Amino acid sequence: MKKIFGVALLVFTAAWAGHAAESDALAISQNIQAQHLPYGTILDPQFKSSDSTSPDYSVIVSYTRCPDSAIWTGHYLAAESFRYAVTGSADALANVQGVLNGISNLRQVTGTDVLARCLFPVDSPYAADLAAENAGLGIYQGQLQGQSYEWVGNTSRDQYSGVFFGLGVAYDTVDDGNTRAGIRQEVTRLLTNLLANNWAVVMPNGTISTVFWAHPEQILSFLQVGRQVNPDQFGLLYQSYRAALAVTTPLPIQYDAYDDHAHYFKFNLDTINLY
């Protein structure tokens with residue numbers, strides 16, 4: 001997953017330092033496209049081992065890290081959006097649109113506009129491994145364009161943070177009408193679902209996997225993205241939430257920052273939520 005950060009960081013470096021850094025960013029992006037997007041969202045490949053210690057990086061035998069696919073797909077969307085803003089390249093735009101479609105699939109496959117952690121076709125050669133590895137989170141059935149999929153539930157708050165981060169960055173940096181229309185649809189659908197469920201993440205079977213009630217910084221972050229892409233629907237709503245929640249926004253951030261080790265993820269999540 002560090003590769004996703006690498007693309008974004010190197011794209012910024014390339015803008016200032018020239019072609020050497022850009023070539024590194026392109027190499028990372030090409031690797032992600034080739035090995036980390038089997039179903040349109042970020043997963044980690046597992047490679048064949050030629051002996052007890054040396055993997056054969058030319059042979060992928062399965063995939064893993066499904067529970068964090070949504071958050072890293074959002075980061076990768078942001079990374080390719082930054083690359084497009086710097087270079088204007090057609091392949092960066094194509095990657096943006098492909099990853100945006102993957103995020104849309106994470107929403108559509110659930111049938112209720114809740115966000116899935118990840119998804120995979122039922123006839124994939126890796127489906128059994130992914131289902132077994134994630135059985136404890138809940139495996140659900142879904143359909144996309146007439147094809148049967150399984151998807152992983154029990155979706156956490158950080159998965160939403162990554163997706164909203166990526167969608168917000170892409171809307172800001174990719175000046176393309178179709179792309180922005182797709183982003184507007186995804187943000188509107190995801191936010192409408194969260195609002196309808198009082199900021200609880202509700203699975204199709206009615207179980208609640210998490211709630212945002214103690215995290216005003218995330219609620220306001222998502223609503224800011226909503227106001228950004230769909231001001232008619234979310235502009236006034238954001239203002240009302242801001243008036244009610246702004247004073248409490250520092251509290252969960254201070255709590256996370258209090259422990260340097262146990263709350264290891266805080267720097268990433270605070271950065272994307274406050275972006």
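Checked against (1) assigned to a helix (DSSP H, G or I); (2) aliphatic (A, V, I, L, M); (3) within 16 Å of the chain's Cα centre (by Cα), LEU119 passes all but a single condition, namely (1). Screening the candidates ASP172, ASP232, ASP158 for the property of being assigned to a helix (DSSP H, G or I), out of contact with any helix residue (DSSP H, G or I) (no Cβ under 8 Å at 6 or more places or on another chain) and either under 26 Å from PRO121 (Cα atoms) or of a type in the set (Asp, Glu) (or both) yields one hit, ASP232.
One line per residue, one yes/no per condition, for (1) buried (at least 22 other Cβ atoms within 10 Å of the Cβ); (2) of a type outside the set (A, V, I, L, M, F, W, C); (3) closer than 20 Å to ALA94 by Cα; (4) in contact with a Pro (Cβ under 8 Å, 6 or more places away or on another chain):
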residue: GLU133; (1), (2), (3), (4): no, yes, no, no
residue: GLN147; (1), (2), (3), (4): no, yes, no, yes
residue: ARG157; (1), (2), (3), (4): no, yes, no, no
residue: TYR160; (1), (2), (3), (4): yes, yes, no, no
residue: PHE164; (1), (2), (3), (4): yes, no, yes, no
residue: ASP175; (1), (2), (3), (4): no, yes, yes, no
residue: THR192; (1), (2), (3), (4): no, yes, no, no
residue: ALA200; (1), (2), (3), (4): no, no, no, no
residue: THR210; (1), (2), (3), (4): no, yes, no, no
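Scanning the stretch 48-92 for residues that are touching an Asp or Glu at 6+ places or on another chain (Cβ under 7 Å) and basic (Lys, Arg) gives LYS48, ARG65.
Residue count for the stretch 247-275, restricted to those that are touching a residue at least 40 places away in the same chain (Cβ under 8 Å), under 17 Å from SER221 (Cα atoms) and not polar (S, T, N, Q): 5. When GLN35 is tested against (1) surrounded by 18 or more Cβ atoms within 10 Å (Cβ to Cβ); (2) of a type outside the set (Lys, Arg); (3) more than 23 Å from ASP158 (Cβ to Cβ), exactly one condition is not met: (1).
Scanning the stretch 91-124 for residues that are in contact with a helix residue (DSSP H, G or I) (Cβ under 6 Å, 6 or more places away or on another chain) and either free of Cβ contacts under 8 Å to residues at least 12 places away in the same chain or among the acidic types (Asp, Glu) (or both) returns a single hit, ASP113.
Considering only residues in the stretch 44-58 that are out of contact with any Ser or Thr (no Cβ under 7 Å at 6 or more places or on another chain) and closer than 20 Å to GLU133 by Cα, the one that is modelled with the highest pLDDT turns out to be PRO45.
When each of THR73, THR87, THR64 is tested for being under 28 Å from GLY168 (Cα atoms), surrounded by 18 or more Cβ atoms within 10 Å (Cβ to Cβ) and not acidic (Asp, Glu), the lone residue that passes is THR73.
The values are calculated or read from the model by the stated rules, or taken from the named source; none is laboratory data. Keep in mind that what you see is a predicted model, and the values were worked out from it rather than measured. We place every Cβ from the backbone using ideal geometry, glycine too, and count neighbours over all the protein chains shown.
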